[in-house]
Amino acid sequence: MSYKLLIVDDSKLARMSAAKALSVLYPDWTRLEAANADEALSLARETAFDVALLDFNMPGRDGLQLASDLLELRPATPLAVVSANHQEEIVERARRIGAVFLSKPLKEQALSAFLQDAVRRLESGHA
Amino acid sequence: MTSATAELLSELQLDALTELVNIGVSRAATSLREMVGEQVYLSVPNVSLETRARAIAILAEREVSNLVAVHQIFEGDITGRALLIFPETKSLELVRAITGGDLPLEDIIELEQEALAETGNILLNSCLATIANMLQRSLKMSLPEVLRGNAASFFGLAPPPDAGDVVMFLYINFEVRKRDISGYIAMIMDLPSLTALKYLLDELIERETGETSPVSQ
């Protein structure tokens, strides 16, 4: 089954890098991209997506605030917040919101583990 | 993007550079959090090419009071200086946060110089080592030096003989709200390094994106 991944990052390079990893791991998945939280939210209101990768440090609202907003819109969607800033408080907030924390630079292996888990959740109907 | 920036770096090169700095400083913030035991807040980095005079003016606009800086020179394929800068009035508070807060004031004052140099060393190394690793190059770092003065004196330090008037200038704010500590990390790189930097950024872009062509949403 093919899913749609929402990639939100203010860095185009980071979005391209995530897109490349996705095309290796799940070539049949499609993706949506946004450069900030506002853009991501308006996109999410118009277009359905199944899984999301959110950068943490962005101009405007950060990735954790965006994760809360997206989960309000689409509860139980598998989300990951991606950052090199793995301070305890940030990792803990991600966990409380129900998002997975992934380290930047994003490694294919870590993305793969997150997406495999997301697929399991989507297919068992828990997402 | 300033016009000088647009002339010298493509949009994607600038994006890659900003992202590199963001990742480097995020790692440094994680190190600082371990040292002070409180969450460190970061701004979004600002990267641009400026004249030396404009870089000084930008910093001077931000802080009027006396500043303390921990200064390190990095050398390799790219050469420049990295500075951890904060108002002089916050430096004892930073030392107090790092030493655990139980020491009497006279001990904190005695430790100040050494503690600042060590903190700067850890933060700047954490940031620059991450950048060097991502660029797959090694950078040699000088020993940290604690400076007191203002933006003009920090950026007016004797440039390398072949340095031009335009520098790559970047800064990012950090804040430990519970301790009322704030400051920023700034880096300047002289123009002769820029050609090498562009090459390294292109290599990074190729590694990160492979054959995937850019997509707009």
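The values are calculated or read from the model by the stated rules, or taken from the named source; none is laboratory data. Model, not experiment: these values are computed from the prediction. Note that we place each Cβ from the backbone using ideal geometry, even for glycine, and neighbour counts take in every protein chain shown.
Below is a table of values for the structure above.
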| item | result |
| --- | --- |
| Of all residues making up the stretch B:27-48, the number that are closer than 17 Å to B:SER182 by Cβ, β-branched (Val, Ile, Thr) and more than 7 Å from chain A (Cβ to nearest Cβ) | 1 |
| Residue count for the stretch A:36-50, restricted to those that are out of contact with any Gly (no Cβ under 7 Å at 6 or more places or on another chain) and closer than 11 Å to A:LEU70 by Cβ | 6 |
| Residue list for the stretch B:72-89, restricted to those being over 21 Å from B:LEU17 (Cβ atoms) and touching a helix residue (DSSP H, G or I) at 6+ places or on another chain (Cβ under 9 Å) | B:PHE86 |
| Every residue from the stretch B:127-140 that is among the small types (Gly, Ala, Ser) and buried (at least 19 other Cβ atoms within 10 Å of the Cβ) | B:ALA132 |
| Pairs with Cβ under 7 Å, 6+ apart, first in the stretch A:110-125 and surrounded by 14 or more Cβ atoms within 10 Å (Cβ to Cβ), second assigned to a helix (DSSP H, G or I) | A:LEU111/A:ALA21; A:LEU111/A:LEU25; A:SER112/A:LEU25; A:LEU115/A:LEU25 |
| Whichever residue in the stretch A:40-55 is free of Cβ contacts under 8 Å to residues at least 40 places away in the same chain and touching an Asp or Glu at 6+ places or on another chain (Cβ under 9 Å) and, among such residues, is nearest to the other protein chains (Cβ to nearest Cβ) | A:LEU43 |
| Check on B:ILE188, modelled with pLDDT of 80 or more and within 14 Å of another protein chain (Cβ to nearest Cβ) | no |
| Considering residues of the stretch B:108-123 that are of a type outside the set (Gly, Ala, Ser) and touching a helix residue (DSSP H, G or I) at 6+ places or on another chain (Cβ under 8 Å) only, the residue surrounded by the most Cβ atoms within 10 Å (Cβ to Cβ) | B:LEU123 |
| All positions within the stretch A:71-113 that are part of a helix (DSSP H, G or I), within 14 Å of chain B (Cβ to nearest Cβ) and within 19 Å of A:ILE7 (Cβ to Cβ) | A:ALA94, A:GLU108, A:LEU111 |
| Some residue of the stretch A:67-75 being of a type outside the set (Gly, Ala, Ser), within 27 Å of B:ILE205 (Cα to Cα) and touching a residue at least 24 places away in the same chain (Cβ under 8 Å) | no |
| Members of the stretch B:40-66 that are in a strand (DSSP E or B), in contact with a helix residue (DSSP H, G or I) (Cβ under 6 Å, 6 or more places away or on another chain) and not small (Gly, Ala, Ser) | B:LEU42, B:VAL47, B:LEU49 |
| The stretch B:63-85 - residue that is surrounded by fewer than 21 Cβ atoms within 10 Å (Cβ to Cβ) and of a type in the set (A, V, I, L, M, F, W, C) and, of those, nearest to the chain's Cα centre (by Cα) | B:ILE73 |
| Failed item in (1) facing chain B (nearest Cβ under 8 Å); (2) out of contact with any Ser or Thr (no Cβ under 8 Å at 6 or more places or on another chain); (3) of a type outside the set (Gly, Ala, Ser), with A:MET1 passing the rest | (1) |
| Those residues of the stretch A:23-35 which are over 12 Å from the mean Cα position of the chain (by Cα), more than 21 Å from B:SER10 (Cα to Cα) and either more than 8 Å from chain B (Cβ to nearest Cβ) or of a type outside the set (Ser, Thr, Tyr) (or both), in sequence order | A:VAL24, A:LEU25, A:TYR26, A:PRO27, A:ASP28, A:TRP29, A:THR30 |
| Filter result for the condition that a residue is more than 15 Å from the chain's Cα centre (by Cα) and modelled with pLDDT of 85 or more, over B:GLU206, B:GLU145 | B:GLU206 |
| Residues within the stretch A:9-21 that are closer than 17 Å to A:LEU115 by Cβ and either facing another protein chain (nearest Cβ under 9 Å) or assigned to a loop (DSSP other than H, G, I, E, B) (or both), tallied | 6 |
| Candidates A:ALA84, A:ALA76 - the one that is farther than 19 Å from A:ASP9 by Cβ and touching a helix residue (DSSP H, G or I) at 6+ places or on another chain (Cβ under 9 Å) | A:ALA76 |
